[in-house]
Every structure is written in structure tokens, then in C-alpha cells.
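This report refers to the structure that appears directly beneath it.
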Amino acid sequence: MKQISRIYTVLIFVLLYAPIAIMILFSFNAAESTTKFAGFSLDWYRQLFGDAEVWLAFKNTMVLALLSSVLATLIGTAAAIGLAKMKNRYLRSGVQTVTNIPMMNPDIVTGVSLLLLFAMVATIFGTGVDRLLGFWAILIAHITFNLPYVILSVAPKIAQLDRNLTEAALDLGCTPLSAFFKVELPGIMPGIISGFIMAFTLSIDDFVITYFLSGSEYSTLPVYIYGLTGKGTVTPDVYALSTLLCIGVLALLVCSNVMQRRMDAKQRKKTA
Amino acid sequence: MNKKRSFLQSISAAPHMVWAVLFIVTPMLFVLYYAFTKEGGGFSFENFTNLFQAIYVSTFVRSLCYALIATVICLLLAYPLAYILAKLGEGRQSLMITLLMLPMWINFIIRTNSLISIVHILGFFGTPVSVILGMVYNYLPYMILPIYTVLSKIDRRYLEASMDLGCTPLQTILKVVLPLSISGVISGITMVFVPSVSTFYISTALGGNKTTLIGDMIESRFLGSSGAINYYMGAMLSLILMILIFISMWVMNRFSDEKDGGVIV
């Protein structure tokens, strides 16, 4: 029985990793084929580093991820604080439901709905929709789909806050505002940071919604990769770029994990 | 003294609420508006009646079938693995879960592209099998994780009690483990079914001409060749897709609620 379950586990993990392994293999292919390996070469990677369009898409991806996650974290954290204090139960659950719509909705519907919003604004102002698409449209979209994740990771930390600490700070002469910054904000910081990291990665990773709003000029890395892939054909340079992107995401994950561990350890020290 | 503070706190949700109205509620209303407007303007049910054309009906049916098959395959593959993982020692468990989550962080386009080589090498490129493989490969971890989470929280004593009371291991799995894990199964099904039924790249990359899915159709109504573009029909298709998904999620949630209640009683 144990043997069978071991073999089964290995098989599933092979299924999960084999395509990625084959992708990495063919990104080093000397020939321009993704089905027959003709020898090892770094040509595709060399080509990528000289490609201005790739760098532009990379820059776009990073700028968008950083801006959208910072803004979503600010708006979302404020919202989580406000929602926790909201007296009207119906309003609160209403806001929460609406916020979660982009999380529940299939990406394609969120993309379509935002595209229609810009199309409508374009008709009102009498311009083509393409002029409204691109950076700003995508930024708005990314903030929108990042918000529920930020709120979901901050809200539980607010619920865990010790009210007595805030009151002690007030008694000891803090103004309400400084009590917030000195006592409450540090308490919810882990939630804010994990919300920020979540938003950042989701923004880098998004394809469907970005694709619908990118217009004809603008592209992020996933949209750029999509544009390079034809119907059922893929070239080694796409695999090379994809491999680099995977490594980048992996590095990001390791960094955020290490950071989170350190923060947790710090907190444990403080409370102990 | 606390007045200023509570005022600040009560308006701190305001930017978000404005944002949600502008960029979540309004766009949804526009989907509704476009869906019931005919090309050139004016309220109409034309797009709705157009839905019953053979091309749309067959595409919807195909999407549902592929997504259902992919979900069932994922469930069958995932459940045993989740069960095996939940029984591992703690250290190995967290290693395996990390390994399981890593591919989830790889971009969807990249994961789908990485299958192109394999499908070509194995020789079933362009068939429904290759599209369904694409769905299973992309979404399998989303089935494994929730089931694993539920299974790892099951109290061992239930299993011991069941064995003591004379159940065989198989009976224990069927009568104790399975009912207790139903909420994980339900959320796994939702997490695989929803993206599978609404996907639009998988069939373009891996399928042939006869595997167009509803997502591809919506995409081509908005961003396709100029002949295919029709925002109004695209909005109607999106609306129907959204309703379809909300209905299935609602049914699933009810199903899992009842089961959970039953277990507690």
C-alpha cells in the first residue's frame, strides 16, 4: 500500500513538473524547434537580452505591479479599518460582497466589464476606445482585482487587535492619531505586508484582464508572450523568456517567505 | 476626545467604496446594458434570441462538457493524492505542499505553452483530449489543496472509532473520511470548474478548429478580427457565462452547507 501511494505521488508530481522541465530544456535548443532537441545553446537567451521590446514589457510589468499593489494596499487597508468600525451591518456586508465580485467572477468577465466601461466613456467623449486603453486602464483594473485580497489579509489582523493597548496609549497621552500609528498600525502590519505581496504577485501574474485592456500599443510580459505564440506553435525564445520569468517569480517567493518568517519571529519575540 | 478619531475611521472606507462603485458596479451594469442593446443602439432582445443559434448553443455545451470532464478527472486524481499527503509526517507534508504550490505561481500562459511541445511530441495536438489535458494540468493543484486542507484537519479519533466499531479501512474512507471532506471537495470543484469553463487561451493554444470554447468566442467578439467584433453579443455571452457560474456556485454552496450541518447534528 505504501509503495503504491509513493508511486502515485511521484506520478502526479511528474505530471505537474514535466511540461516545465521540457520547456526549460527546449529554451536551450540550438535549433529553432520545440519538439526536437538539436544540442545545447544559449542563443535564445542572448537574443532576449538584446530585445528592446522584452525590456519594455518587463518594465511595464514591474511599474504596474508596484503602483497597483501600493495603491491597492493603501485603499484596501483604509477600507478594512473603516469596515471594521462600520456600525451599519447591511452596508458593511454589502460593501464586502461587491468587493469580492472580481474575486468570484471569471477573469474574462471582469476584463470584458472594464473594457465596456472604457468603451462607454470613449463614446461619451467621442474618441476611439483604443486611446483610453493601456497603462491607466490596466492600473485601474489591477487595483480593482487586488483590493479584495488586501482587505481579506488585513481584516483578520484588525479583529485580533487588543483594544486595551489602544486605550492604554490614549490614557498615557497619545493623540488618537498617534495611538493609531504607534499601536494599531504595527499590530496589523503583518497583514498589510502579506496583502501587499499578494497584490504584487497577482498583478505580475495577470494575463486575461490585462490583455482585454492593453489596447494595441501597451503590453506586459504575459501579454507579450501571448502575442509571440501562434496557434499551437511556440518557439524556443518564448520558452527562454518564460523560463526567466519562472525563475524571477521563484526568487520573489523565496524573498517574501524569508521576510515573512523574520517578521513572525520578531512578533513572537515581542509578545513573549 | 474620540470624536475626531471615529470620524477619520468612518470615512476611511470611503475611497474604497467610491472605487467599488466606479470600477466594479458600473462596469457590471454596462455588461447588462450592452447585452440588451442591438448593434447601432436601442433596447432589444436580439442578442438573447441569437444565443439559440446552433453555433452558440454548441459552444456552450462544449465548454460545459470539457470543463465537467476536466473537473471530474481533477477530482479523481486529486483526492487520493490529498489523502496520501495528509497522512505524511509533518516535515515532508510541508515540503510536498510547497512543491505543489510552486507551479501555481507560474503564469497561466507559460504553463499552457509548456504543454504545446508535449502534446506535439505525443501526437494528439488539436484534439479535445489535448484541451482537457490543458485544463487538468493548469488547475489540478486548485483541486488538491482544498481537499488536502480539510483532510489534514480531520480528527484521527474519528477514524479510530470507526475502525473500533468494525469498519474496514475502505468503509472508513467511504463512510467517515469522504463525508467529512465534502466541503474541501466542493471548493476544489468550484476552483477547477469556474476557470475551466471560462478559459480562453487553452483551446487556442492546444486545440483545433472544432474545440472553440465560450471564452474564445467572447474574446473574438471583443478583440478578434474586425469581422468578428460585436461588443453587444460579447456582453450577452459574458452575462450568460457569469449567470451560469453564479448558479453553479450557489448550488455547490448550498450542497456543502447542508452536508456540514448534517455532520454537526
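The values are calculated or read from the model by the stated rules, or taken from the named source; none is laboratory data. What you are looking at is a predicted structure, and each value in this text was computed from that prediction instead of being measured. Virtual Cβ from ideal backbone geometry, glycine too; neighbours counted across all protein chains shown. For the accessible areas, the whole protein counts, side chains as well, though only heavy atoms, and no ligand, DNA or RNA atoms are used. Shrake-Rupley method; radii C 1.70, N 1.55, O 1.52, S 1.80 Å.
What is the helix-to-structure angle for B:231-264, meaning the angle in degrees between its Cα long axis and the longest Cα principal axis of chain B, kept from 0 to 90 and rounded to the nearest 10?
Result, in degrees: 20.
With springs only between Cα atoms under 10 Å, which of A:Asp237, A:Asp43, A:Asp206 fluctuates most in a Gaussian network model of chain A?
Its mean-square fluctuation being the largest, the pick is A:Asp43.
Just how far, in whole angstrom, is the range A:218-272 from the range A:15-44 if you go by their alpha carbon centroids?
20
Using a simple spin-label model with points 7 Å from Cα along the Cα→Cβ vector, what separation in nm is obtained for A:Phe125 and A:Ala168?
If labels sit at A:Phe125 and A:Ala168, their model points lie 5.3 nm apart.
Would you report the distance distribution of C-alpha pairs in the range A:51-228 as whole percents per 5 angstrom bin, up to the bin with the largest distance?
1, 8, 15, 16, 16, 14, 10, 8, 6, 4, 2, 1, 0
Which of A:Leu241, A:Leu221, A:Leu117 moves most in a GNM of chain A, Cα contacts under 10 Å?
Fluctuation is largest for A:Leu117.
Just how much of B:Phe45 is accessible, in Å², when a 1.4 Å probe is used and the result is rounded to the nearest 10?
120
How much of B:Trp105 can a 1.4 Å solvent probe reach, expressed as accessible area in Å² and rounded to 10?
About 70 Å², ignoring ligands and nucleic acids.
Starting at the first residue of the range B:204-220, write each ³J(HN,Hα) from the Karplus equation 6.51 cos²θ - 1.76 cosθ + 1.60 with θ = phi - 60°, in whole Hz, x for Gly and Pro.
Using θ = phi - 60°, the values come out as 5, 7, 10, x, x, 6, 9, 10, 4, 10, 4, x, 4, 5, 4, 4, 6 Hz.
Quick one: 3J(HN,Hα) in Hz for the range B:126-135, Karplus 6.51/-1.76/1.60 with θ = phi - 60°, rounded, Gly and Pro as x.
Result, ordered by residue: x, 9, x, 4, 5, 5, 5, 4, x, 5 Hz.
Dividing the Cα convex hull volume of the range A:1-77 by residue count, how many Å³ per residue is that?
Numbers: hull volume 11.8 nm³, N = 77.
Hull volume over Cα atoms, normalised by residue count, gives 153 Å³.
Rounded to whole Å and sorted largest first, what semi-axes of the equivalent ellipsoid does the C-alpha gyration tensor of the range B:4-93 yield via the square root of 5 times each eigenvalue?
Values: eigenvalues 320, 255, 7 Å².
Over the Cα atoms of the range B:4-93, the semi-axes work out to 40, 36, 6 Å.
Taking amide H positions as placed 1.01 Å from N in the peptide plane, with prolines and chain starts having none, which residues 5 or more places from B:Ala13, or on another chain, fall under 5 Å of its amide H?
Amide H neighbours of B:Ala13: A:Gly82.
Go through the range B:60-74 residue by residue and turn each phi into a ³J(HN,Hα) via Karplus (6.51, -1.76, 1.60, θ = phi - 60°); whole Hz please, and just put x for glycine and proline.
Per residue, the Karplus-derived 3J(HN,Hα) values read 4, 4, 4, 4, 4, 4, 4, 5, 5, 4, 4, 5, 5, 4, 4 Hz.
Give me log10 I(q)/I(0) at q = 0.11, 0.14 Å⁻¹ for the range B:46-264, Debye formula, one equal scatterer per alpha-carbon, no solvent.
Cα-only, vacuum Debye calculation for the range B:46-264: -0.64, -0.93.
Report the equivalent ellipsoid semi-axes for the protein assembly as shown in whole Å, largest first, defined as the square roots of five times the eigenvalues of the gyration tensor built from alpha carbon atoms. Provide the component values of the computation, followed by the final result.
Working: eigenvalues 259, 218, 141 Å².
The answer is 36, 33, 27 Å, longest axis first.
If r is the Cβ-Cβ distance from A:Phe49 to A:Leu74 and R0 is 25 Å, what FRET efficiency results, to the nearest 0.05? Present the calculation step by step, with values, prior to reporting the outcome.
On the way: r = 35 Å, r/R0 = 1.40.
Once rounded, the FRET efficiency stands at 0.10.
Please list, short to long, the whole-number percent of alpha-carbon pairs of the range A:219-272 in consecutive 10 angstrom bins beginning at zero.
Here the calculated profile for the range A:219-272 is 21, 30, 19, 15, 11, 4.
In a Gaussian network model over chain A where Cα atoms closer than 10 Å are linked, find which of A:Lys231, A:Lys157, A:Lys87 has the largest mean-square fluctuation.
Sorting by GNM fluctuation, first place goes to A:Lys231.
Skipping prolines and chain starts, which residues have an amide H placed within reach, meaning under 5 Å, of the one on B:Thr37, given they are 5 or more residues away or on another chain?
Excluding prolines and chain starts, which carry no amide H, the hits are B:Ser44.
How big is D, in µm² s⁻¹, for the range A:1-154 by Stokes-Einstein at 37 °C and 0.692 mPa s if Rh is the Kirkwood radius over C-alpha pairs? Let's see the in-between values first.
Working: Rh = 20.3 Å.
In µm²/s, the coefficient is 162.
Quick one: angle between helix B:90-101 and the longest Cα principal axis of chain B, in degrees between 0 and 90, rounded to 10, please.
The angle comes out near 10 degrees.
Helix by helix, which DSSP H runs in chain A go 15 Å or more along their axis at the Cα atoms and have an average Kyte-Doolittle hydropathy of 0.5 or more?
Numbers: long enough: A:2-27 (37 Å, 1.67); A:52-85 (49 Å, 1.39); A:89-104 (22 Å, -0.06); A:107-125 (27 Å, 2.20); A:135-160 (38 Å, 1.31); A:185-205 (29 Å, 1.48); A:236-271 (52 Å, 0.26).
The qualifying helices are A:2-27, A:52-85, A:107-125, A:135-160, A:185-205.
Given a Förster distance of 45 Å, report the FRET efficiency between B:Val21 and B:Leu174 from their Cβ-Cβ distance, rounded to the nearest 0.05. Display every interim value, and only then the final one.
On the way: r = 49 Å, r/R0 = 1.09.
Once rounded, the FRET efficiency stands at 0.35.
What does the convex hull of the Cα atoms come to per residue for the range B:154-265, in Å³? The partial results should precede the final answer.
Values: hull volume 14.3 nm³, N = 112.
For the range B:154-265, the hull spanned by Cα atoms encloses 127 Å³ per residue.
Can you show me the helix-derived [θ] at 222 nm for chain B, built from DSSP H runs with n ≥ 4 at -39,500 (n - 2.57) apiece and divided by the number of residues, rounded to the nearest 500.
On the way: 14 runs with 197 residues, N = 265.
-24000 deg cm²/dmol, from helical runs alone.
How high is the relative contact order of the range B:46-264? Use alpha-carbon pairs under 8 Å, at least six apart in sequence, and give a whole percent.
Working: 227 pairs, mean separation 59.7, N = 219.
That works out to 27 percent.
Equivalent-ellipsoid semi-axes (√(5λ), Cα gyration tensor) for the range B:42-103, whole Å, largest first? Intermediate results must be reported in sequence, preceding the final value.
Numbers: eigenvalues 396, 37, 12 Å².
One finds semi-axes of 44, 14, 8 Å for the range B:42-103.
Calculate the translational D of the range B:116-163 in whole µm² s⁻¹ from Stokes-Einstein, where the hydrodynamic radius comes from the Kirkwood formula applied to all Cα pairs, the temperature is 4 °C and the viscosity 1.567 mPa s. List each step's numbers first, then the result.
On the way: Rh = 13.6 Å.
Roughly 96 µm²/s, to the nearest whole number.
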